[in-house]
Structures are given as structure tokens and as C-alpha cells.
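First up is the structure itself, then whatever we jot down about it.
The values are calculated or read from the model by the stated rules, or taken from the named source; none is laboratory data. All values reported here derive from a predicted model rather than from experimental measurement. Note: ideal-geometry Cβ built from the backbone for every residue, glycine included; neighbour counts use all protein chains shown.
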Amino acid sequence: MDPAREWTGRDATALRKALRLTTDAFATRLGVATRTVANWSANPEMVPRTGIQDMLDDLVEQLPQSTRSRFEGLAGERNSDQNAHGQALRVAIAVVVDRDKVLLVRRRDEGAGISWQFPAGIIKPGMPGEDVAVRETLGETGVHCSVNNLIGSRLHPVTQVHCDYFGCDYLAGDATNLDTVENAGVTWAPRQDIAKFVARDKIYPPVLRFLEETRDPASSR
């Protein structure tokens, strides 16, 4: 790839395919989260951040000629939002509440037009979404939570990924940014001020109703 050219999600996905790696294996090779690699496939036009661009450049430089030729042939193809198993990509999203606050993480890569988000993780085949929501929340933020209900599901209008939203109760732990590669920060946002972090029209309506209906105005963290 021309070193003067910016990498896009399409190019990164072409490189993964040229290496014949799964989403998980490619993420491990680069030292990034699986979610990041999946987002490249789901959003071909997104531009990875500078540090990742450099890693992709370095990886291409190490390719044998046969793999490089395969990559160059794949680089112009459009990619679908499917994972290595050919199944539609699904993500579990944890809406964790503690009295009058909700847990948010701030993503470093805003190529998809999203910054503050709820903790989330990819649902692998055969894995319950509830388990993913709990595990990813702990892994990203250090917060222990439990799922109390499925708020709803949809095809995300920005990422075009299938999302399952789970309402979760806070159990223990201090909110800490444990995934510094992917996230710039973690916070407990006041539920009534959620629009200061995420525009209301970008929040799944059932999630807004969940936050408003379960809010306890008399309590604070």
C-alpha cells in the first residue's frame, strides 16, 4: 500500500483477508481490541487513528510478495458486516445504572461519528449476550454488574451492526479506564444529563425510556 495513503476500514479488512486471519487473530496480531477490527469491516470508510495506521504500515512491510499481491487485489473490494463464521455481527451493549447515574466509556476512534458510548462487546457464536455485556463492562471499566433485562435489539444506524441492549445493575467496583488502547476515559454520567454526552437522537429510544423510567431523582452516587 502507498505509504502516503490513509488506511480505511476497507483496506484494513483487505489486509486481514489477505493474511487469512479471523477477526480475533488479526486483532491479536495488531494488539487492538476485536471490536476495533470488527468496526473496520462494518464501516469501510472509517479511518483508523494514527497509531494504528503506523502498525498497519509496518505489517504490510513485513508481508511476503505472495501475500502482498493478494492484499493489493483485495484492497478495493467492499466488505460486509459479517464475521469470519459468515454470521451477522452482533454486539452486546451494557446500559449499567447505579441509582441516578449511567456508565459510559469514551472511544478514541471517532471515525463512525460516535464518542461517548455504553460498554459493549462482540457476541461470538454460542455465547449468551448477557455474559458478554457483563464481561466487557468489567474488562473495560472495572465495574461489576448484573443483567436485569433485555431492553431491545436493532440494526445500528451508524455501524450497521446488530445490537442487543441489556439493562444492568451496578454491583461493585470503581469506574476505571482499563482499555487505554480503545478508550480515552470512563465516567458515571447523570441520567438526566445524558444528552450532554450522547445526542438524544443517537440513543436507541427504548434505552432512553429505560433510563427515564428507572431513574430515582432522590438518590445520587
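With the structure loaded, tell me whether ALA175 is crowded, with 20+ Cβ neighbours inside 10 Å and in contact with a Gly (Cβ under 9 Å, 6 or more places away or on another chain) or whether it fails that test.
On the way: crowded, with 20+ Cβ neighbours inside 10 Å: yes; in contact with a Gly (Cβ under 9 Å, 6 or more places away or on another chain): yes.
Yes.
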**Q.** Within the range 56-79, considering residues that are loosely packed, with under 14 Cβ neighbours inside 10 Å and within 26 Å of LYS124 (Cβ to Cβ), the one modelled with the highest pLDDT
**A.** GLU77
Q | Number of the exception - ASP169 against (1) closer than 23 Å to HIS144 by Cα; (2) in a helix (DSSP H, G or I); (3) not β-branched (Val, Ile, Thr) | A | (2)
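Yes or no, residue by residue, for (1) modelled with pLDDT of 85 or more; (2) of a type in the set (Ser, Thr, Tyr); (3) within 22 Å of GLY121 (Cβ to Cβ):
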site: ASP2; (1), (2), (3): no, no, no
site: GLY9; (1), (2), (3): yes, no, yes
site: ASN39; (1), (2), (3): yes, no, yes
site: ASP54; (1), (2), (3): yes, no, no
Q. Which of the residues spanning the range 177-207 are within 19 Å of ARG35 (Cα to Cα) and in contact (Cβ under 8 Å) with a residue 12 or more places away in the chain?
A. ASN177, LEU178, ASP179, VAL181, GLU182, ASN183, ALA184, GLY185, VAL186
Q) Looking at the range 179-202, which of the residues that are in contact with a helix residue (DSSP H, G or I) (Cβ under 7 Å, 6 or more places away or on another chain) and surrounded by 15 or more Cβ atoms within 10 Å (Cβ to Cβ) is modelled with the lowest pLDDT? A) GLU182
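Does GLY142 fit the bill of being of a type in the set (Gly, Ala, Ser), closer than 29 Å to ALA27 by Cα, in contact with an Asp or Glu (Cβ under 9 Å, 6 or more places away or on another chain) and not assigned by TED's automatic domain parsing to the domain that holds TRP40?
Working: of a type in the set (Gly, Ala, Ser): yes; closer than 29 Å to ALA27 by Cα: yes; in contact with an Asp or Glu (Cβ under 9 Å, 6 or more places away or on another chain): yes; not assigned by TED's automatic domain parsing to the domain that holds TRP40: yes.
It is true that GLY142 is of a type in the set (Gly, Ala, Ser), closer than 29 Å to ALA27 by Cα, in contact with an Asp or Glu (Cβ under 9 Å, 6 or more places away or on another chain) and not assigned by TED's automatic domain parsing to the domain that holds TRP40.
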Q: Within the range 25-52, count every residue that is within 20 Å of LEU178 (Cα to Cα) and free of Cβ contacts under 8 Å to residues at least 12 places away in the same chain.
A: 3
Q | Number of the exception - ASN148 against (1) farther than 22 Å from ARG35 by Cβ; (2) in a loop (DSSP other than H, G, I, E, B) | A | (2)
